[in-house]
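Colleague: Pasting a structure here, questions to come.
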Amino acid sequence: EPGEIVIIESGRLESLRLDGPAEPRHCIFEFIYFSRPDSVIFGHPVDPVRRRLGRLLAKTFPAEADIVISVPDSSNSAALGYAEESGIPFEMGLIRNHYVGRTFIQPIQHLRDLRVRVKFNPVRNVLEGKRVVVVDDSIVRGTTMRKLVKMIRRAGAKDVILRISSPPIQYPCFYGIDTPTRGELIASTHTIEEIKKYLDVTDLAYLPIEKLIEAAPAGLGYCTACFSGDYPIPFDHTPSKEILENGGAPPVVPAAGEGTRAR
């Protein structure tokens, strides 16, 4: 359990607990992105939470569009919630290659770019000539979404209206996620209008943080540091994740063409 240390020694098991009360701060990003929709997290199923995120997003930021699509798979439930609330039909406009992992966690940019190209394929007959609402769960660096928007436009979409079912990520997570500096987070260094232009979308809106809390199960206590900058535990933010994993030495970053064929 949280706050418990279990010691197993010489066939004996001992349980120790930290002294003093502590307020739990559950990672709210589990409900937004990390967990599978069929998971039960902190005692609550994930899919209904994501659908509530999508419905609140549709109420807060409606759109005039022909179809709603998701960025599969983590935003499927939120996109369904947006479609249900708005009355705009949900379609499968992007097909995901399930043998490719998460893109934003890749440590090197050219690896992220390569994975985006092989991870998603647009469905032209679904997208062509349509005003498309694209629902995604979050934007970290913006690199994945920029390439997806290009794919969707090349497939003939008339408009690309982007709706994000979480607030802008403006602060790094120092508790295990690969966002070591604020400079890597597009929402930390750009306005909404600047992000909209960078992504080349017709419109862009994020779910406000108060709506995120409204959608999440009540009474749990959440860490929202990546959105709010309110870190529940003090930390030394100087070393990067890669340095810590490399035993204190700076990571070796291969040059273009090393370890992969340059194109």
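The values are calculated or read from the model by the stated rules, or taken from the named source; none is laboratory data. None of these values were measured; they are calculated from a predicted model. So basically every Cβ, Gly included, is an ideal-geometry build from the backbone, and we count neighbours across all protein chains shown.
Conditions tested, residue by residue: (1) hydroxyl-bearing (Ser, Thr, Tyr); (2) assigned to a strand (DSSP E or B); (3) at pLDDT below 95; (4) touching a helix residue (DSSP H, G or I) at 6+ places or on another chain (Cβ under 7 Å).
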| site | (1), (2), (3), (4) |
| --- | --- |
| Glu1 | no, no, yes, no |
| Val6 | no, yes, yes, no |
| Leu16 | no, yes, yes, no |
| Glu23 | no, no, yes, no |
| Phe31 | no, no, no, yes |
| Pro37 | no, no, no, yes |
| Asp47 | no, no, no, yes |
| Arg50 | no, no, no, yes |
| Leu53 | no, no, no, yes |
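Colleague: For segment 160-194, name all the residues that are within 21 Å of Ala65 (Cα to Cα), within 16 Å of the chain's Cα centre (by Cα) and of a type in the set (Val, Ile, Thr).
Modeller: Ile164
Colleague: So, Ile161, is that one out of contact with any Ser or Thr (no Cβ under 8 Å at 6 or more places or on another chain), under 26 Å from Asn121 (Cα atoms) and surrounded by 17 or more Cβ atoms within 10 Å (Cβ to Cβ) or not?
Modeller: Numbers: out of contact with any Ser or Thr (no Cβ under 8 Å at 6 or more places or on another chain): no; under 26 Å from Asn121 (Cα atoms): yes; surrounded by 17 or more Cβ atoms within 10 Å (Cβ to Cβ): yes.
It is false that Ile161 is out of contact with any Ser or Thr (no Cβ under 8 Å at 6 or more places or on another chain), under 26 Å from Asn121 (Cα atoms) and surrounded by 17 or more Cβ atoms within 10 Å (Cβ to Cβ).
Colleague: Can you spot a residue in segment 66-84 that is more than 18 Å from Pro167 (Cβ to Cβ), of a type in the set (Gly, Ala, Ser), at pLDDT 95 or above and assigned to a loop (DSSP other than H, G, I, E, B)?
Modeller: no
Colleague: Taking strands (runs of 3 or more DSSP E) that do not extend beyond segment 94-179, which have at least 1 residues that are touching a helix residue (DSSP H, G or I) at 6+ places or on another chain (Cβ under 8 Å) and at pLDDT below 95?
Modeller: Details: elements: 94-96, 120-122, 131-136, 159-164.
Ranges flagged: 94-96, 120-122.
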